[in-house]
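The values are calculated or read from the model by the stated rules, or taken from the named source; none is laboratory data. Keep in mind that this is a model prediction, so the values were computed, not measured. Counting neighbours? That spans all protein chains shown, and the Cβs are built from the backbone with ideal geometry, glycine included.
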Amino acid sequence: MQRLLILIRHNGIATLIGNNDGWRSDVVTIDPSIGSTPAKALEEAVYTSPALLAEYSRVDVVADSDRFIIVPSELASDSVAVSNVVQMMWPDASDDDITVDLCGSAAFVSLIDKSLVGFVGRTFMRAAIHHRLAMLASFFMTLSAPVNRVKLYTHFAGASRVDIVAVTSEGLLMANSFDCETTTDAVYYIMACVKDCGFDELEDEMIVCGDQPSCASATEVLRQYINSVMPLLLPVGDANVAFELLNLKK
């Protein structure tokens, strides 16, 4: 049976359909007036792309949310503890559903819009919803782990957002997303994370990926401060796949 992977972006839907024998990707651009919410954007994509309604062995939907927290994986297995953390962090969380994504020894606890969760549940069988940054972190952690070093991944999700994930040989060190209007904004957030996660500008490695114009512009500036700033090289078959879906594709 085939699998369906869906990434909900601010301006459309990226899909990946297939199995280990082959995958095909597609992007559905959504009129902003229609896709004003993730649920409406996905609904429009489904109605305009009948292939998304075929029978799949599993459907994974990746969505974004500003409300998430990273906790130890042991805590994430305790539903009462998770509920208590959510209530403490977001007392007004009754209109959202809690999603938990395991990421090695850490877990992302996030709030996903209830209308999106409802639409996914009504439309797809055997479906799961994941936080976008959790999927990025999970993918980066499958790559070569540094030995007693910090490796920092910088992912440009278009020209206006940068995702920053730091890993060590022990697992996830930090992960966060920042809105940025310019390259200067992005570099500011990156360098702040460099300081916060104990990244050594001379010895540690930074990997830059995502939106190519943003990568090129930021790399030029970052190399003035960091010794090793390198692009992430992907196999040919993964070159056009959204980074948020790559770990699910494995």
Worksheet item: Of the conditions (1) touching a Ser or Thr at 6+ places or on another chain (Cβ under 8 Å); (2) crowded, with 16+ Cβ neighbours inside 10 Å; (3) not acidic (Asp, Glu), PHE243 fails just one. Which one is it?
Response: (1)
Worksheet item: Does VAL147 fit the bill of being over 11 Å from the mean Cα position of the chain (by Cα) and at pLDDT below 95?
Response: yes
Response to the item:
When restricted to ASP31, ASP64, the only residue buried (at least 18 other Cβ atoms within 10 Å of the Cβ) and acidic (Asp, Glu) is ASP64
Discussion item. If I filter the range 187-214 down to residues being charged (D, E, K, R) and either part of a loop (DSSP other than H, G, I, E, B) or without any contact (Cβ under 8 Å) to a residue 12 or more places away in the chain (or both), which single residue comes out as nearest to PRO146 (Cα to Cα)?
Written reply: ASP204
Worksheet entry | Output for the range 5-46, where each listed residue is among the hydrophobic types (A, V, I, L, M, F, W, C) and not in a strand (DSSP E or B) | ILE30, ILE34, ALA39, ALA41, LEU42, ALA45, VAL46
Worksheet item: What is the residue count in the range 136-180 for residues that are farther than 18 Å from MET230 by Cα and not hydrophobic (A, V, I, L, M, F, W, C)?
Response: 11
Practice prompt. Write out, first by first residue and then by second, each pair whose Cβ atoms fall under 8 Å of each other, whose residues are 6+ apart or on separate chains, and whose first residue, in the range 148-161, is in contact (Cβ under 8 Å) with a residue 40 or more places away in the chain while the second is buried (at least 21 other Cβ atoms within 10 Å of the Cβ) and assigned to a loop (DSSP other than H, G, I, E, B).
Written response: VAL150/PHE199; LEU152/PHE199
Worksheet item: Going through the range 202-250 one residue at a time, which ones are of a type in the set (Lys, Arg) and within 19 Å of the chain's Cα centre (by Cα)?
Response: LYS249, LYS250
Item to complete: Would you confirm whether any residue within the range 72-83 is in contact (Cβ under 8 Å) with a residue 24 or more places away in the chain, surrounded by 14 or more Cβ atoms within 10 Å (Cβ to Cβ) and closer than 30 Å to LEU232 by Cβ?
Response: yes
Practice prompt. Looking only at the range 47-61, decide whether some residue is modelled with pLDDT under 90 and outside any helix (DSSP H, G or I).
Written response: yes
Item to complete: Given the conditions (1) in contact (Cβ under 8 Å) with a residue 60 or more places away in the chain; (2) surrounded by fewer than 21 Cβ atoms within 10 Å (Cβ to Cβ), report the number of the one that MET135 does not fulfil.
Response: (2)
